[in-house]
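*Asks:* The structure is given below, and queries will be raised subsequently.
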Amino acid sequence: MKVVLFCGGLGTRMRDYSESIPKPMVPIGYRPILWHVMRYYAHFGHKEFILCLGYKADVIKNYFLNYNEWLSNDFTYNGGDVVLKNSDIHDWKIHFVDTGLSANVGMRLKAVERYLDGEETFLANYSDGLTDLDLNTYIDNFHKQDKVASCLCVRPSQTFHLIDADETGLVNDIKDVTKRNIWINGGYLMFKREIFDYINYGEDMVNEPFQRLIQAQQFHAYKYQGFFGVMDTFREKQQMDEMYARRETPWEVWRDRSLQKVSK
C-alpha cells in the first residue's frame, strides 16, 4: 500500500531548526523523524512513499539522494571498502512531489492524487509523530469499519489544564487535560480513494473535508492507548532525544525488543 507523507509545512513551532531545515528533517539520533516514520511503515511492508514537498524541499531531496546507509547499519571496513551487514532503504520507492510552498494539507493531498491511480486504499501521515501501534491491526480495523477515512486517536501526552468558566470569567472547574476524556488526532491516517470526492480546491483537511466525512458518517477514529509521541515543539524534540539516549524507543518496532527498554 502506498504511503502519503505531508512534509512541506513551515514548522514554525520548531523555529530553532526550521530556519535551516524543514521540520520532518529534524533528527532523532542519527536519522530525521521523517526517516523514523518511513522506517515504521516499511517494517509492515509498505515501502512506496509519496512525499508532499514544499518548504526547503531541496533538503529532503538531497538527504535521500546522498543517503548514507552506514549511519544506521553495521558494516565492515576493509582496505577502503565498506561492506554493509544490512541496509535500510534499498527496496524503498520514493516519489518526490512539489506540492507548493504555502499549500495546506488538503491541497497537498489533492496535488498527489494522480500518484494514487489504481489504489483502492492508501495510508497518510503528518510526519511528526511516532507510535508503536500494530499497523496491521489498524488496517484490518479500517476494512472492518468500511469507512472512507480513519485516524489514529490518542490521548494528549502534554500537561496543560482545561478551565471551565462562565460568561463572567468565574472558574467552575480546572483539571489536567490527561484526566479528561479527551482524544486527539494522532496523524496516522488511512483513506479510501473516495476521499478525493470530499476535497475541493484550496480546502484544508480538518476544516472542510473532514467535516463532510463526519456529516456522511464516513470518518472513524481508532482509539489507541499505547505509545504515541509527537515532535511539534523544541521541548518535545528534547524529550525524544532523551528517550533515544536511554534506548527507550518503542516506536522502533523494527528493532530487537530484547535490546530496548520498554517505555511505560
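*Asks:* Which of the three applies to region 18-151, rounded, prolate or oblate, going by the alpha-carbon gyration tensor with a ≥ b ≥ c and a/c under 1.5 meaning rounded?
*Replies:* Here region 18-151 falls in the oblate category.
*Asks:* Out of the total accessible area of the chain (probe 1.4 Å, heavy atoms of protein only), what percent is carbon and sulfur?
*Replies:* Details: 6530 of 13840 Å².
Carbon and sulfur atoms account for 47 percent of the accessible area of the chain.
*Asks:* Quote to one decimal, in nm, the extra length available between residue 102 and residue 233 on full extension: 0.36 nm per residue of separation minus the C-alpha distance between them. Mind dumping the intermediate values first?
*Replies:* Numbers: separation 131, 0.36 × 131 = 47.16 nm, distance 2.01 nm.
Once the chain is fully extended between residue 102 and residue 233, it gains 45.2 nm.
*Asks:* Also, quick follow-up: Could you size up the charge dipole of region 47-204 around its Cα centre, putting +1 on the beta carbon of Lys and Arg and -1 on that of Asp and Glu, and report it in debye to the nearest 20?
*Replies:* Dipole about the Cα centre, nearest 20: 80 debye.
*Asks:* Identify which of the listed values of volume of the Cα convex hull per residue in Å³ was calculated from the structure shown: (1) 112; (2) 122; (3) 165.
*Replies:* Identified label for the calculated read-out: (3).
*Asks:* Taking only Cα atoms and a 10 Å spring cutoff, compute GNM fluctuations for the chain and point out the largest among 219, 49, 75.
*Replies:* 75
*Asks:* Could I ask something else about it? Whole number in Å², please: accessible area per residue of the chain, 1.4 Å probe, ligands, DNA and RNA not counted.
*Replies:* Numbers: 13840 Å² over 264 residues.
For the chain, the per-residue accessible area is 52 Å².
*Asks:* Once fully extended, how much extra length lies between residue 207 and residue 69, figured as 0.36 nm per residue of separation less the alpha-carbon to alpha-carbon distance?
*Replies:* That works out to 45.6 nm of additional length.
*Asks:* Pick out which of 175, 192, 237 has the largest mean-square fluctuation in a Gaussian network model of the chain, springs linking Cα atoms closer than 10 Å.
*Replies:* Most flexible of the set in this elastic network: 175.
The values are calculated or read from the model by the stated rules, or taken from the named source; none is laboratory data. Computed from a prediction, not measured in an experiment: that's the story for all the values here. Here the Cβ is made from the backbone with ideal geometry for all residues, glycine too, and neighbour counts use every protein chain on show. All accessible areas refer to the heavy atoms of the entire protein, side chains included, with ligands and DNA or RNA removed. Shrake-Rupley method; radii C 1.70, N 1.55, O 1.52, S 1.80 Å.
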